[in-house]
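Novice: Here's a structure for you.
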Amino acid sequence: MNAPESAISYNEGETVETVPLSWLLRRPALGLRPLHLGEGDPDITWAHAIELDDPAPFLRGGELVLTTGLRLPRAATGQSAYVDRLVGAGAAALGLGTGLRHAQVPAGVRRACEAADLPLVEVPLPTPFMAVSQAVADRLGELRRLRLTETMDQQRALSRAAVRGGVEGVVRTVARQLGAGVYLCDRTWRELARAGAARVLPERLEALLDSGRRGAVSEASPTGWAEVQPVGERPVGRLGWLVLGRARPLSVPERLVLTHAVSLVLLLLDRPEGTVPEAEADLVRLLLDATDHPPSAMAFGAGGAVCVLVASGPRHRLFPAVEEARRSAPHAVRAEVAADARMLVVDAEVEGVVTSLLESLGTDGRVGIGPAVGVAEAASTLTAAQRACEAADPGTARRSTDLPVTALLTQPEVRDAVASSTAGLLSALDGSDLEESLASFLAHHGSWDRTAADLGVHRHTVRHRIRKVEELTGLSLDDPEDRLLLHLGVLASAGRR
């Protein structure tokens with residue numbers, strides 16, 4: 001089994017990325033030679049070059065201490081005391097540079113490290129300490145970027161769950177993402193949803209509120225950690241409470257995920273009776289990767305049909321064309337991305353919007369029109385609208401229902417038969433990042449780069465997810481028949497939502 005590429009430690013809610021010592025040892029350019037590794041694989045928080053005989057006051061714990069031994073005592077007892085001070089300060093490992101003060105690592109240092117089980121590596125003369133420190137710094141930076149990307153992926157998944165499954169979908173998803181029990185109730189203490197190990201959470205909530213606290217609360221107890229988040233502002237705007245419980249406190253990225261979940265629950269609960277509210281339009285905009293434009297005042301009636309439009313064309317003409325088209329569609333919601341423009345339009349206004357877009361874009365423009373569905377199902381038609389846009393001739397629009405396979409799957413008996421035959425394969429992916437990644441990968445004809453750009457993740461993340469899909473389904477996306485089966489299953493499943 002390969003050693004892990006990173007580790008995450010938690011210190012009172014703080015997330016600390018670390019680099020395993022084995023990762024450094026596998027960098028051939030550094031040429032580090034292990035002399036004692038002991039048990040386990042120590043996690044490095046930083047590589048710190050220091051030549052003091054007592055570096056302990058300048059260490060925080062977890063460092064790879066680098067020294068040429070300029071002030072290292074010659075006697076074995078002094079060398080042993082030096083190692084003991086490093087261990088007492090929480091150093092993760094010692095890197096001793098040879099070729100200057102010492103031709104080789106002193107025997108006393110080796111014996112002391114073995115006795116204290118402190119990992120020891122030799123840094124050869126051609127390897128500057130700066131190169132080791134830079135390697136650790138670069139890797140830590142990469143891990144932080146990956147952590148941010150993962151947090152954004154989780155927030156997108158929550159938005160999708162909100163549109164598809166309401167507050168129950170949000171609660172289930174955030175419980176799975178954070179490995180926690182989650183309980184949601186309204187202002188009258190009526191349970192709205194729960195997921196995970198949430199049995200004791202109502203009692204935790206009651207105890208916390210009985211103590212007089214009314215805002216957000218984080219509290220440790222013998223049974224674990226609890227987070228209480230109010231939904232809505234007090235006093236008149238309070239709509240309920242969301243409680244999360246698990247063994248350890250939340251890290252900073254995890255707290256961002258929880259905050260996003262609470263915001264989505266607020267949008268879902270804060271709706272007028274009998275209409276599809278502006279809040280639901282905001283959710284659709286979140287799902288379609290909307291930018292930070294002010295929410296449009298949507299007035300869709302309950303059950304009203306909407307269509308997703310995807311328009312492509314020259315960047316300098318694309319978004320002015322969308323703005324012009326919106327003047328004829330007062331209920332349209334706009335979302336902008338790098339390569340195309342997406343709109344959510346009432347079905348009755350589609351023809352006028354499409355005509356306006358094509359007039360503004362001219363022969364360089366294309367418009368794809370998704371099927372007419374309810375607002376809550378609009379997100380699942382985005383891929384169909386994108387395929388229709390790609391299939392349209394320059395200067396024209398095309399409906400997704402005109403595409404041969406899509407048209408075939410609009411027949412309920414065909415769609416249901418395909419969905420039923422592939423349900424077992426896709427059930428393990430339902431509602432996860434794997435399902436979205438597979439759909440995007442198939443829609444982009446197996447292109448790693450285009451799929452990564454569409455999902456907003458690194459292409460290595462896409463490769464990892466696709467390999468996981470193949471493991472769970474037992475199918476190979478390199479096999480044409482397997483790929484066709486999965487593609488039909490994804491399309492049919494999306495059509496049934």
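Novice: In whole Å, what are the extents of segment 43-153 along the principal axes defined by its C-alpha atoms, from largest to smallest?
Specialist: Projected onto its principal axes, the Cα set of segment 43-153 covers 55, 30, 22 Å.
Novice: At 1.4 Å probe size, put Phe319, Phe58 in order of accessible surface, largest to smallest. Present the calculation step by step, with values, prior to reporting the outcome.
Specialist: Details: Phe319 25, Phe58 125 Å².
Ranked list, largest accessible area first: Phe58, Phe319.
Novice: I would also like to ask the following. If Lys and Arg each add +1 and Asp and Glu each add -1, what is the summed charge of the other residues whose beta carbon sits under 9 Å from the beta carbon of Gly69? Please list the in-between numbers first.
Specialist: Details: positive: Arg71, Arg101; negative: Glu51.
In short, +1.
Novice: Roll a 1.4 Å probe over the protein chains and send me the accessible area per residue for segment 22-71 in Å². Walk me through the intermediate numbers first.
Specialist: Values: 2660 Å² over 50 residues.
With the other protein chains kept in place, segment 22-71 gives 53 Å² per residue.
Novice: Which value in nm describes the separation of the simple spin-label points at His102 and Ala348, placed 7 Å from the Cα toward the beta carbon?
Specialist: In this crude spin-label approximation the distance works out to 8.4 nm.
Novice: Placing +1 at every Lys and Arg Cβ and -1 at every Asp and Glu Cβ, with all other atoms neutral, what dipole size does segment 111-161 have around its Cα centre, in debye to the nearest 20?
Specialist: Numbers: 7 positive and 7 negative charges, 78 e Å.
With only Lys, Arg, Asp and Glu charged at Cβ, the dipole is about 380 debye.
Novice: Order the peptides 347-354, 467-474, 92-99 from the highest to the lowest mean number of other Cβ atoms within 10 Å of their residues. Please list the in-between numbers first.
Specialist: Details: 347-354: 18.2, 467-474: 15.2, 92-99: 22.0.
In decreasing order of mean packing, 347-354, 467-474, 92-99 become 92-99, 347-354, 467-474.
Novice: So between Arg60 and Met130, what do we pick up on full extension, going 0.36 nm a residue minus the alpha carbon distance?
Specialist: Details: separation 70, 0.36 × 70 = 25.20 nm, distance 1.95 nm.
That works out to 23.3 nm of additional length.
Novice: Can you pull the one-decimal nm distance between simple spin-label points at Asp482 and Arg71, each 7 Å off the Cα toward Cβ?
Specialist: 6.0 nm
Novice: With a 1.4 Å probe and every protein chain left in place, tell me how much accessible area Ser159 has, in Å² to the nearest 10.
Specialist: It works out to around 0 Å².
Novice: So with the 1.4 Å probe, I'd like the accessible area per residue for segment 108-234, rounded to whole Å². The partial results should precede the final answer.
Specialist: Numbers: 6140 Å² over 127 residues.
In whole numbers, segment 108-234 has 48 Å² accessible per residue.
Novice: Sticking with this one: Grab the Cα-Cα distance for Ala207 and Arg144, subtract it from 0.36 nm times how many residues apart they are, and report the gain in nm with one decimal. Intermediate values should be presented prior to the final figure.
Specialist: Working: separation 63, 0.36 × 63 = 22.68 nm, distance 3.69 nm.
Value of the extension gain: 19.0 nm.
Novice: Got a sec? What order do Trp23, Trp189 fall in by accessible area at 1.4 Å, biggest, i.e. largest, first?
Specialist: Numbers: Trp23 30, Trp189 120 Å².
Output order, biggest surface exposure first: Trp189, Trp23.
Novice: Just order 219-231, 258-270 by mean Cβ neighbour count inside 10 Å, highest at the front, would you?
Specialist: Values: 219-231: 16.9, 258-270: 21.2.
Descending packing order for the listed peptides: 258-270, 219-231.
Novice: Between Glu191 and Val16, what is the spin-label point distance in nm, taking each point 7 Å from the Cα along the Cα→C-beta axis?
Specialist: 3.9 nm
Novice: How many percent of the accessible area of segment 79-199 is carbon or sulfur, using a 1.4 Å probe? Can you show the working numbers first?
Specialist: Details: 2750 of 5320 Å².
The computed percentage sits at 52.
The values are calculated or read from the model by the stated rules, or taken from the named source; none is laboratory data. Since the model is a prediction, treat every value here as computed from it, not as a measurement. With ideal geometry, Cβ positions are generated from the backbone for all residues, glycine too; neighbour counts draw on all protein chains shown. SASA here: full protein model, heavy atoms, side chains in, ligands and nucleic acids out. Shrake-Rupley method; radii C 1.70, N 1.55, O 1.52, S 1.80 Å.
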